[in-house]
Structures are given as structure tokens and as C-alpha cells.
Amino acid sequence: MKNFSLIISILVLSACGSDTDEKALDINGSIADTGGFTLQNVRFDSKDYYEEEQVTVTEGTSFEVQWVSPTSASYKIDLYLSTNGVVHSDRNKIIGLKCGNASFSLCPNATGEVQCGIDDNKLSCSIGSKPFQQKDLSSLRFIIRGCDVLNSCDVKTFNLSVQNNTGN
């Protein structure tokens, strides 16, 4: 009878589960919250912008893009340049960054940033660049896509207005 009671107790305790049932391990072995991934505080040159807002940059100069992840656990950020309303894809991806780990130098924690610039119909960001053949620079869209280790993603899109550099 004692063995039967012990077996029933084990079954009841294992059926209850634990707090880690709704969480997953990130690539560092830490428990990561899977409640969703939402990029916060997207900034261009230290100014907050909200999705679909117009960001004005000057051709031939650099600008800084910053973001805050909802977690300092491992995540990835992909930056895209879209012309004529095209959505993000591998064809218009500028760079992809692994973030949220102290060994990743460009974005070692929840806050990340990259330097970008547009010159001669090419968008360059820190370690990557993407040429584009768009003559009318009024329809450019800058897309930031962040994903956690469980592939829960958030996409933010900004209209990018490129002004000619009149300082020449």
C-alpha cells in the first residue's frame, strides 16, 4: 500500500508541472520568457520614432539606429531596406545581428545600436550594405525585425525620407 501511495504522489506532483513549462531555455541556458517579443524605444539619431513615422536622413551622412529588446536574453535583429512597399525578405536584408549576449559586441544586452548611412544609392549599416536602384528616394522604408530564441518576432517599419546633402 505504501508503494501505491508513493506512485500516486509522484504522478500527482508530475502532473502539476512547474513554472518552466511556459518558459524556454535561451542559447545561454537561461530561462527566457516566451510571452512575446516587442521592440521598444526605436530611435534614429537619439530621437524616438513610432512605427510608420517618417524618418528624414541626409544623403552622404551617417545616422544611428537604436532599439531596446524586452529581454537581455539572446535575440536577433535584422535590418531591411524596402522600396515600393516591398515587405522584408532575404532579398532586401541589409544586416542581421545576434544580440543579448555579452560576447556580441554590437548589441551585448537588451539595448542595441548600429550606425547607418545612405550614399550613391546604397544603404550601409555597420557591417553590411545593400545597394538599391531606386531613383525616387521618397518610397524607401526602413524595417527592423527582432526575434527571440523561440522565433517570436516583432517588426517595425519606418518611412525613410532621404534629403540631398547641400553642403557640397
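The values are calculated or read from the model by the stated rules, or taken from the named source; none is laboratory data. This one's a predicted model, so the numbers in the text were calculated from it and none came from an experiment. Ideal geometry is used to build each Cβ from the backbone, glycine not excepted, and the neighbour counts take in all protein chains shown.
Would you point out the residue of region 151-168, among those that are modelled with pLDDT of 90 or more and surrounded by 14 or more Cβ atoms within 10 Å (Cβ to Cβ), that is farthest from the chain's Cα centre (by Cα)?
Going residue by residue through region 151-168, those that are modelled with pLDDT of 90 or more are 151-159.
If we keep only those that are surrounded by 14 or more Cβ atoms within 10 Å (Cβ to Cβ) too, we end up with 152-159.
Numbers: S152: 11, C153: 8, D154: 7, V155: 7, K156: 9, T157: 11, F158: 14, N159: 17 Å.
Filtering first and then ranking leaves N159.
Tell me which residues, restricted to region 16-71, are more than 18 Å from the chain's Cα centre (by Cα), modelled with pLDDT of 80 or more and in a strand (DSSP E or B).
Taking region 16-71 as the starting set, the residues that turn out to be more than 18 Å from the chain's Cα centre (by Cα) are 16-25, 28-31, 54, 56-62.
With the extra rule that they be modelled with pLDDT of 80 or more, the set shrinks to 54, 56-62.
Matches in region 16-71: Q54, T56, V57, T58, S62.
Quick one: in region 82-99, which of the residues that are assigned to a loop (DSSP other than H, G, I, E, B) and modelled with pLDDT of 80 or more is farthest from V42 (Cα to Cα)?
At the first step, the residues of region 82-99 found to be assigned to a loop (DSSP other than H, G, I, E, B) are 84-89.
Subsequent filtering for residues that are modelled with pLDDT of 80 or more retains 87-89.
Details: V87: 19, H88: 18, S89: 20 Å.
Here the residue is S89.
Scan region 35-89 for residues that are β-branched (V, I, T), within 13 Å of R145 (Cα to Cα) and surrounded by fewer than 19 Cβ atoms within 10 Å (Cβ to Cβ) and report the count.
Of the residues in region 35-89, 3 are β-branched (V, I, T), within 13 Å of R145 (Cα to Cα) and surrounded by fewer than 19 Cβ atoms within 10 Å (Cβ to Cβ).
Does S129 count as at pLDDT 80 or above and either surrounded by 15 or more Cβ atoms within 10 Å (Cβ to Cβ) or assigned to a strand (DSSP E or B) (or both)? Outline the logic, then answer.
Details: at pLDDT 80 or above: no; either surrounded by 15 or more Cβ atoms within 10 Å (Cβ to Cβ) or assigned to a strand (DSSP E or B) (or both): yes.
Judged against the criteria, S129 is not a match.
Mind checking which pairs have a first residue in region 132-146 that is in a helix (DSSP H, G or I) and a second that is modelled with pLDDT of 90 or more and surrounded by 15 or more Cβ atoms within 10 Å (Cβ to Cβ), Cβ under 9 Å, 6 or more apart or different chains?
Going by the 9 Å Cβ cut-off, the qualifying pairs are S138/N159; S139/N159.
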